[in-house]
There are 2 protein chains.
Amino acid sequence: MKIFVAGATGRVGQILIKQLADKGHTVYAGARREEEIEKNEKIHPVHMNLHSTVAELTKLLSDVEVVYFVAGSRGNDLLQTDLNGAVKLMEAANQAGIARFIHLSALHSLVPEQWPESIPDYYVAKFFSDKWLIDQTDLDYTIVQPGSLEETVGSGKITTNVTGFSKNSIENVASVLAEVLDKTNTIKKLISMGDGDTPIEEAIKNIK
Amino acid sequence: MKIFVAGATGRVGQILIKQLADKGHTVYAGARREEEIEKNEKIHPVHMNLHSTVAELTKLLSDVEVVYFVAGSRGNDLLQTDLNGAVKLMEAANQAGIARFIHLSALHSLVPEQWPESIPDYYVAKFFSDKWLIDQTDLDYTIVQPGSLEETVGSGKITTNVTGFSKNSIENVASVLAEVLDKTNTIKKLISMGDGDTPIEEAIKNIK
């Protein structure tokens, strides 16, 4: 498939674009500093600025079947990147006639009572971008919601029933994002996740 | 009427609560630093923290018929105050069974092409709070949208047909907010405004 990944130089994005390419997909790797991306036959760096208009973002998606949003400003530009950047890319996908949109969000983003106290601004941004995707678009979304991200090697095993807090190997998060790509049982679903005991393929197959 | 004003110590709020009290209304003047508010028979300072939960905010509205949101963090806490604070107060009004909600927003907030380049973060916050009020609530809202706010004496005269930029005496903005209170023709309306030539009462009467 032809896939656009917004945030390809991020901690999750870097791994995700490699995994998608390894599976044989063509990846348009969108980033503000696209020169940092190692290009190859499958990975095509694309200059993307999330401060652009919807019309400008739409142009980046002309040859694309699936859009991932895994960008993040790490707290530095939450309103324009994490919130409005995501929403504008959703609108761009819609304008480009793309149905499938996979959004990297945060654990319990829609349940304010369960937000961690440490990063309230980030959670507000994720709450409103997730709500937009669910309520204001007709996209075939999947929203992936890990807890804290850890720079550890992926076990390939997760849980998708997270009631409290969760730790997540960044590689596991990327693997889940790659796995849901064409899994129709994950459409219109929010998937909470943490490192766990179930192989990712099986865990995603079990999403209802 | 019994009216809750969120942001009563702000530049607009300070004038608004006096105007409402002068018209004979009972004003619950909500602010984080409520001790700064001069209380009298009509003005009752209320401690309000927009970082509170919806349930906590709902308790502040138990004896209220109309809610104003005129709070603003002046860029310091946009996600939690200007955006999520406003949205939580909308939800609180709903929970308290209050129908009428009057929101101080910004000129052209729903038209990104017309946002001023100088304060993009503020406009993102206003865009998403206005969209929430319109699309995600059943409140009888009025959204008042001035351009830049100036600390000048109010002329009492405005325009409500603003295509480009507008300057607004803060006193005029407060007067418009007070004027729309019980004007049913302003329900479910966005009112763009700037200082102009039409007396406020007449300008508001003409809103269709």
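Each reported figure results from applying straightforward, stated rules to the coordinates on display, with no laboratory input. Everything numeric in this text was worked out from a predicted model, so none of it was measured. No Cβ is skipped: glycine too gets one built from the backbone with ideal geometry, and neighbour counts run over all protein chains shown.
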Residue range of chain B that is longest and free of GluC sites (Glu not before Pro) which are both DSSP loop and sparsely packed (at most 13 other C-beta within 10 Å): B:42-116
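When DSSP beta bridges are limited to those with both residues in chain B, what percentage is antiparallel, rounded to the nearest 5? Provide the component values of the computation, followed by the final result.
Values: 4 of 35 bridges.
The answer is about 10 percent antiparallel.
Can you bin the protein assembly as shown into rounded, prolate or oblate? Criterion: square roots of the alpha carbon gyration tensor eigenvalues sorted a ≥ b ≥ c, rounded for a/c under 1.5, prolate for a/b above b/c, oblate for the rest. Please list the in-between numbers first.
Working: a/c = 2.69, a/b = 1.89, b/c = 1.42.
Prolate.
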State, to one decimal in nm and shortest first, how far the label point of A:Thr53 sits from each corresponding label point in the other identical copies (label point: 7 angstrom along Cα-to-Cβ). 4.4
Enter the mean number of other protein chain beta carbons within 10 Å of the beta carbon of each residue in B:81-90, as an integer. 2
Got a sec? Charge dipole of the range A:99-208, +1 on Cβ for Lys and Arg, -1 for Asp and Glu; which of A:Leu181, A:Leu149, A:Met193 is way out at the positive end? A:Leu181
Explain nothing, just the number: dipole magnitude of the range A:2-205 about its Cα centre with +1 on each Lys and Arg Cβ and -1 on each Asp and Glu Cβ, in debye rounded to the nearest 20. 220 debye
Residues of the range B:3-21 with amide N under 18 Å of the 7 Å Cα→Cβ point at B:Glu41: B:3, B:18-21
Per the axis that maps chain B onto chain A, nearest residue of B (Cβ criterion) and its distance in Å: B:Phe128, 3
List the residues, sorted by chain then number, that are 5 or more residues from B:Lys189 or on another chain and whose placed amide H is less than 5 Å from its amide H. B:Ile143
Work out how much length B:Ser62 to B:Gln136 would gain on full extension: take 0.36 nm times their residue separation and subtract the Cα-Cα distance, in nm to one decimal. 24.4 nm
Where both residues lie in the protein assembly as shown, what percent of DSSP beta bridges are antiparallel, nearest 5? 10 percent
Determine the shape class of chain B: with a ≥ b ≥ c the square roots of the Cα gyration tensor eigenvalues, call it rounded for a/c under 1.5, and otherwise prolate if a/b is greater than b/c, oblate otherwise. rounded
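Express the relative contact order of the range A:2-205 as a whole percentage, based on alpha carbon pairs under 8 Å and six or more residues apart in sequence.
Details: 422 pairs, mean separation 37.4, N = 204.
Dividing the mean separation by the residue count of the range A:2-205 yields 18 percent.
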One finds the C-alpha centres of the range B:1-52 and the range B:168-193 to be spaced, in Å, by 17 Å
Measuring label to label, 7 Å along Cα→Cβ, what does A:Glu117 give against each other copy in nm, shortest first? 4.2
Compute the label-point distances linking B:Thr198 to its equivalents in the other copies; points lie 7 Å from Cα along Cα→Cβ; give nm, one decimal, shortest first. 6.0
